[in-house]
Amino acid sequence: MNPYLKQYRQTQINTAPKEEILLMLYDGAVRFLHQAKAGFAEKNIEKIHNNLMKVQNIITEFESALDMENGGDFAKNLFGLYEFMSQQLSIANIKKKEDSLDIVIKHMTELRDTWKQAVKKFKAEGNSFLENEVDKYKISKNEENDDEDDDENDGSIGDYI
């Protein structure tokens, strides 16, 4: 990839609000799923594998970002859906079952569209993810742990958007 394009993308990610990053990841997942689908049509095993692995990495990001403690049943159900999609991707990748991929495309597209509508509605009501109570709580908790290393934010999320 062009190093300037990569730097532009990384800057775009670093400055984007959380809701935009979430939508970028969903868009990336849907794009990679369709590229894997094209790989099936082309009988290109490498294309299938590489794109399915990218989607699985995005799903892992989604799972790790869920707040299971405060998210209640919603977070548990979403985690279960992510796990189901991950299993279907493994089946599609290992057994080359295109119908498993189709199931994930359907669910991931619906999730992306739902989040897109939710973000649009949330913003239309004058809200901001930068100013919500959950973030204020997390910010105050993080300030208590400022001496911990921040190696988790290595910019790798840009590889999936």
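Values quoted throughout were computed directly from the atomic coordinates according to the rules given, and no laboratory measurement underlies them. Please read all numbers here as calculations on a predicted model, not as lab measurements. Virtual Cβ from ideal backbone geometry, glycine too; neighbours counted across all protein chains shown.
Quick notes on this one:
- Ordered by the number of other Cβ atoms lying within 10 Å of each residue's own Cβ, fewest first, 5, 22 fall into the sequence 5, 22.
- Theoretical gain in end-to-end length, residue 96 to residue 65 [0.36 nm per residue, Cα-Cα removed]: 8.2 nm
- Evaluating 6.51 cos²θ - 1.76 cosθ + 1.60 at θ = phi - 60° for every residue in the stretch 69-82, the Karplus couplings come out as 6, 9, x, x, 5, 4, 5, 5, 5, 5, 4, x, 5, 4 Hz, glycine and proline recorded as x.
- Order of 103, 58, 94 - criterion: other Cβ atoms within 10 Å of each residue's Cβ, fewest first: 94, 103, 58
- Working from label points 7 Å from Cα in the Cα-to-Cβ sense, the residue 123 to residue 27 distance is 1.1 nm.
- Proxy reagent accessibility, fewest Cβ within 10 Å first, across 55, 30: 30, 55
- For residue 79 and residue 6, the difference between the fully extended length at 0.36 nm per residue and the C-alpha to C-alpha distance is 23.2 nm.
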